[in-house]
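Worksheet: one structure, shown below.
The values are calculated or read from the model by the stated rules, or taken from the named source; none is laboratory data. Because the structure is predicted, anything quoted here is derived from the model rather than measured. Quick reminder, even Gly has a Cβ in these numbers, built from the backbone with ideal geometry, and neighbours come from all protein chains shown.
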Amino acid sequence: MDILSAGLMVSDIIVHPVDRGIFNVDTQFIENIAYASGGDALNVAVNLSSLGVNTGVAGVIGNDAPGNHILSFLKKTGINYDNVVKSKKYQTSVSVVLCEESGEHHFLYYGKSNDEFNESMIPDKVLSQIKILNVGSVMALSGLDGNGLADLFRRAKKHDVITTLDAAHDVHGKWLFKVEKALQYADVFIPSYAEAKMITGYEQPEKMADFMKQYKLKIFGVKLGVQGCYITDFNDSGGINIPAFECDEVVDTTGAGDAFMAGFISGLLAGFKYIDCTLLGNAASNFCIRHYGASGWLPDFKTLKKFTFAGKTMLFS
């Protein structure tokens, strides 16, 4: 196992299309409903597996039908699930994903089993066997508040593990508190624009990067949706805005950020420079938003690389 993706594991119910006026009518007929495995950690793991990366996932599910469906799916896809724990108290976390015609989405989320996930569920023995540890949606993991995430990343660094981190919306309003102690042990942190704004207090990606420089990250980025991604390694040349790839038809933006992280991480594993990793992330997002569902739409790494760098000069060594 080269990469362990830890954090949210969710059973998704995806509904499309949903009109914003749904609460003003008794019934609205829809065209599509889909059941899928989701949550940032699971999405990233599935996408990495699609790319051909030896991947595992760590998180908490319930002892119920949705949880068993997730386990069955992991077995089918060959993703390591040795670090998936079954809750003795709560049901598997579920997201009802309401997708507008435009592809924008809104979530109804039950997450009590995910709240049980904590740093003790990834022992040093596991950390000694992997190359990259990714923690997704850290803001939605109450069991990793503050010291917990810092302890996990500190132990990971003792084993020379590359640590990558994604955020999420923080319903409790703690934001920086949840990640600040861990940032000194993190190599890569790439939140969305909205998340970065709340964490740093700034609106411009350059100022966000200036704020984050104090934590000695190797790479900091801001996912900008249709505008691509701002990325920096804090060297003298500063950051760079890398545009998104054109997409003729956006079907569903669910999981686009997770696809980005998978593409980016696959580049890290391959030894690519951070700009090329970002291009791979943008390309992976492009594949994702052309389909319904948060994961499972990425090609193998060779195909993603060909799509990403067609006509471009690569920077990796």
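Here are the numbers for the structure shown:
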| quantity | calculated |
| --- | --- |
| Qualifying residue in segment 12-23 (condition: closer than 23 Å to Gly148 by Cα and either at pLDDT 95 or above or part of a strand (DSSP E or B) (or both)) | no |
| Selection from segment 51-92 of residues that are closer than 18 Å to Glu116 by Cβ, in contact (Cβ under 8 Å) with a residue 40 or more places away in the chain and either in a loop (DSSP other than H, G, I, E, B) or of a type in the set (Val, Ile, Thr) (or both) | Val57, Val60, Ile61, Ile70, Val84, Thr92 |
| Failed item in (1) at pLDDT below 95; (2) of a type in the set (A, V, I, L, M, F, W, C); (3) in contact with a Phe, Trp or Tyr (Cβ under 8 Å, 6 or more places away or on another chain), with Leu108 passing the rest | (3) |
| Members of segment 82-122 that are of a type in the set (Phe, Trp, Tyr) and closer than 25 Å to His291 by Cβ | Phe107, Tyr109, Tyr110 |
| Condition met for Leu48 (modelled with pLDDT of 95 or more and of a type in the set (A, V, I, L, M, F, W, C)) | yes |
| Number of the condition not met by Ser37 [criteria: (1) within 19 Å of the chain's Cα centre (by Cα); (2) of a type in the set (S, T, N, Q); (3) part of a loop (DSSP other than H, G, I, E, B)] | (3) |
| Neighbours by Cβ (under 7 Å, 6+ apart or cross-chain): first from segment 2-25, at positive phi; second of a type in the set (A, V, I, L, M) and part of a strand (DSSP E or B) | Gly7/Val135 |
| Where a residue in segment 244-269 is more than 16 Å from Leu42 (Cα to Cα) and in contact (Cβ under 8 Å) with a residue 60 or more places away in the chain and its partner, wherever it lies, is among the acidic types (Asp, Glu) and surrounded by fewer than 24 Cβ atoms within 10 Å (Cβ to Cβ), with Cβ under 8 Å and at least six apart | Thr253/Glu104; Leu269/Asp2 |
| Qualifying residues in segment 262-317 (those that are over 16 Å from Asp2 (Cβ atoms), charged (D, E, K, R) and part of a loop (DSSP other than H, G, I, E, B)) - the one modelled with the highest pLDDT | Lys273 |
